[in-house]
Amino acid sequence: MVDLETRTKRIAALHQEALKRIVVMDGAGGTMVQRYKLSEADFRGDRLKAHNFDLRGNNDILALTQPDIIREIHDAFLEAGADIIETNTFNGTSISQADYGTEHLVPEFNRVSAEIARKAADEWTAKTPHRPRYVIGSLGPTNRTASLSPDVNNPGFRNVSFDELAAAYAEQSRALLEGGVDALIVETIFDTLNAKAALFGIAALGDDLGFEIPVMVSGTITDLSGRNLSGQTMEAFWHSMRHTKPFSIGVNCSFGARDLRPALADIARHADTLVAAFPNAGLPNEMGEYDETPEETAAFIVEWARDGLVNIVGGCCGTTPEHIRAIVNAVEGLGARPMQSEDPALRLSGLEPFTAVA
């Protein structure tokens, strides 16, 4: 585990950078893994050759079975100019890993994934000391939802509880911190209650460890109405998250940068913390491929930057090192979104935001 003083200095430095310039995160790890066209045997490797579940598609396990590939992906994004890389742990909770029968490996592969990313970032920082590199531990939304029933005939049924989610996120977070991440990101949030469970679990872990864990929070919207799957607008989502004092708030996935802008602007108008956004490379075509070119993605993102909407940008589904390189070049020299402040008020959230006016 990175010592507390080092982590505190790094996250403070990253915060200051994101107030001065647009900081760039990496792109889509899954897209990069797909480029390797890995077989079931590749996913199993020597370590899990006799595992009794299919593992193809379980990208998280590659930290144990194909660590060189994960390192190559990190290096590609770092060489493209990314300031921040995420760990290869999007589906790294025991809840998600239950589909593959690999729950028992969650602490190990999260720790190892963080160690791989940490080593890559540190080596690139040594190459470019004027531009230090950072590691964020990725926590995805899981494959379950605490707000909605998976059974249309039983709307009161839930296949996961708040406490189960909190415990799973805490287990993953502990391992990521042991592996050396600088901060965590709870990302692609489609259900606000899942996110609340994640942040509760992380806060409890911080109490246990004796320090406050910095967390980025990133929601996703399901259609052009600008709402997440549990029905909230992005301003209402911010009201639901603001008490946790996140390192950043923002949006990712959803659409390409052009269609993601309204949701991003909704958050940027109100958030009193850093704002981050990571769009897809457009929408997938009939074959599930992403057609938006690096230049197109970068052109939309540079508009966000010029309009003062963001502090941190990057890519989600379909974005490659070429996309990140184009984004880095496009935002070079542009100032970051200034920190916002709002007058004290009672701010509540249902599906819509509510602010009590005196």
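Each value in this text was obtained by applying a stated rule to the coordinates, not by laboratory testing. These numbers were taken from a predicted model, which means no experiment stands behind them. Neighbour counts run over all protein chains shown; Cβ positions are idealised from the backbone, glycine included.
For segment 223-358, what class follows from the C-alpha gyration tensor (a ≥ b ≥ c being the square roots of its eigenvalues): rounded when a/c is under 1.5, otherwise prolate if a/b is larger than b/c, else oblate?
oblate
Exactly which GluC sites (Glu not before Pro) in segment 73-152 are in a DSSP loop and have at most 12 other Cβ atoms within 10 Å?
none
Test of understanding: what is the full-extension gain from THR125 to ASP272, defined as 0.36 nm times their sequence separation minus their Cα-Cα distance?
So the chain would gain 50.0 nm between THR125 and ASP272.
Starting from the Cα gyration tensor of segment 302-358, take the square roots of the eigenvalues, sort them a ≥ b ≥ c, and report rounded, prolate or oblate (rounded when a/c is under 1.5, otherwise prolate if a/b is larger than b/c, else oblate).
In terms of gyration-tensor shape, oblate.
Which of the peptides 215-222, 292-299 is most tightly packed, and how do the rest follow, going by the mean number of other Cβ atoms within 10 Å of each residue?
Highest to lowest by the protection proxy: 215-222, 292-299.
Could you list the GluC sites (Glu not before Pro) in segment 137-230 that lie in coil according to DSSP, counting only those with at most 16 other Cβ atoms within 10 Å of their Cβ?
GLU212
Counting only chymotrypsin sites (Phe, Trp or Tyr not before Pro) that are in a DSSP loop and have at most 15 other C-beta atoms within 10 Å, tell me the longest site-free stretch of the chain.
Within the chain, the longest run free of exposed chymotrypsin sites (Phe, Trp or Tyr not before Pro) spans 212-358.
How many lysine pairs in segment 1-144, separated by 8 or more positions in sequence or lying on different chains, have Cα atoms less than 25 Å apart?
Summing the qualifying lysine pairs gives 6.
Roughly how many nanometres apart are two label points built 7 Å out from the Cα toward the Cβ at VAL357 and ALA203?
The two pseudo-label positions are separated by 3.0 nm.
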